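The block underneath contains the structure these notes are about, expressed in structure tokens.
The values are calculated or read from the model by the stated rules, or taken from the named source; none is laboratory data. In this text, all values refer to a predicted model and were calculated from it rather than measured experimentally. Heads up, the Cβs are rebuilt from the backbone with ideal geometry, glycines too, and the neighbour counts pull from every protein chain shown. Surface accessibility is based on the protein's heavy atoms, side chains included, excluding ligands, DNA and RNA. Shrake-Rupley method; radii C 1.70, N 1.55, O 1.52, S 1.80 Å.
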Amino acid sequence: MSVQINPSVTGVILAGGQARRMGGADKGLMLYQQQPMVHYAIQAMQPQVDTLIINANRHIDQYQSFGYPVTQDSIEGFHGPLAGMLTAMEQVETDFILTAPCDCPSISKQLRQRMMETLLLTQSDVAVASDGDRLQPVFCLIPTRLKDSLNSFLEQGERKIDRWLAQHKMAEVDFSDQPETFVNFNHPEDLQQPLAAKSPIPMLGFSAFSGTGKTTLLTKLLPELNKRRLRVAVIKHAHHNFDIDKPGKDSYVIREAGAQQMLIASSKMMALMEKQNSDNDPLLSALLPRLDMAKLDLILVEGFKHEAIPKIELHRPSLGKPLLFRDDPHIIAIASDETLTDTAQLDTLDINDISAMADYINHFISSRTA
């Protein structure tokens with residue numbers, strides 16, 4: 001197989017299904033965290049592809065309101081994702097289509113990169129994502145030259161995507177470090193649940209009321225963890241607008257001129273500044289893929305108290321605030337500056353004993369990686 005050095009790619013968001021388990025509702029338009037599900041797919045896919053289209057068979061006007069072309073299956077009836085893929089291949093002019101479903105709110109931001117790199121490296125016909133245990137065949141990178149093959153397959157009455165893929169040399173692309181990519185919603189009650197953040201390396205949060213000293217603790221704890229040769233990343237939630245750049249700097253001027261993303265790098269440091277158009281708080285599941293997990297031993301999280309991750313609660317009785325652990329089953333320990341009672345058999349730590357807290361975190365890492 002031969003492909004261009006810089007092949008063009010159209011992203012295809014598959015929203016043409018009947019969603020029987022959702023009671024027949026149109027999945028892509030159902031709200032999750034106050035946004036239609038297709039909104040998250042658009043946010044993840046649009047920066048990765050040359051052009052973007054939505055494949056839908058209902059509520060066409062509503063899908064068109066997102067500002068991207070909408071294609072309806074060229075085969076009448078609901079014939080599954082292969083029909084949407086064929087329609088896209090027949091209508092686009094790019095070398096490849098990259099497909100993803102409308103009901104996965106945390107699609108990998110490295111989807112195109114990994115899929116294309118693996119396909120080119122293995123000289124395969126198609127690339128299919130894998131969560132490490134099984135294939136996820138609606139996440140595909142397919143050359144449009146295969147449209148005749150797919151059309152012939154569907155004309156024979158075939159509908160199973162894995163059977164068509166098996167007819168071609170297929171590359172399996174590993175996304176086992178980003179399992180959240182494939183989390184989707186199949187029942188109405190699923191939309192009420194926060195999307196659990198998953199990480200291939202240990203992740204530990206600090207939960208506390210404002211004024212307890214989360215940041216102060218981190219500034220003392222990080223040097224101690226570094227002394228123990230631990231490579232640590234920190235994800236911090238900000239409750240207000242913030243800007244790490246300074247007016248007058250070249251990067252600030254360029255960003256204010258209209259750049260949606262600004263990447264600035266030197267031999268010592270790199271920073272990516274990206275404008276966000278959402279009014280909703282960010283989710284950990286969407287932030288984790290931005291970290292280079294291969295260079296880390298631990299992720300510490302400040303804030304994000306509603307996320308379902310292991311946490312240490314920081315508590316100072318003098319502030320007069322209630323304990324959080326009673327309403328958060330994910331709190332595994334409490335660090336305080338006073339002796340506490342009735343802490344439900346949780347591990348207790350001295351918030352001022354940084355060495356002991358580092359010992360506890362070290363043990364936490366060992367238990368998670370054993």
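Here are some notes:
- For segment 106-124, the tally of residues that are part of a loop (DSSP other than H, G, I, E, B) and either of a type in the set (Val, Ile, Thr) or under 15 Å from Ser8 (Cα atoms) (or both) stands at 1.
- Breaking point among (1) at pLDDT below 90; (2) part of a helix (DSSP H, G or I), for Pro47: (1)
- Count of residues meeting criterion [over 25 Å from Ala41 (Cβ atoms) and modelled with pLDDT of 90 or more] in segment 169-202: 2
- All strands (runs of 3 or more DSSP E) inside segment 251-370 with 1 or more residues being open to solvent by 80 Å² or more (accessible area, probe 1.4 Å) and out of contact with any Ser or Thr (no Cβ under 8 Å at 6 or more places or on another chain): 261-265, 270-274
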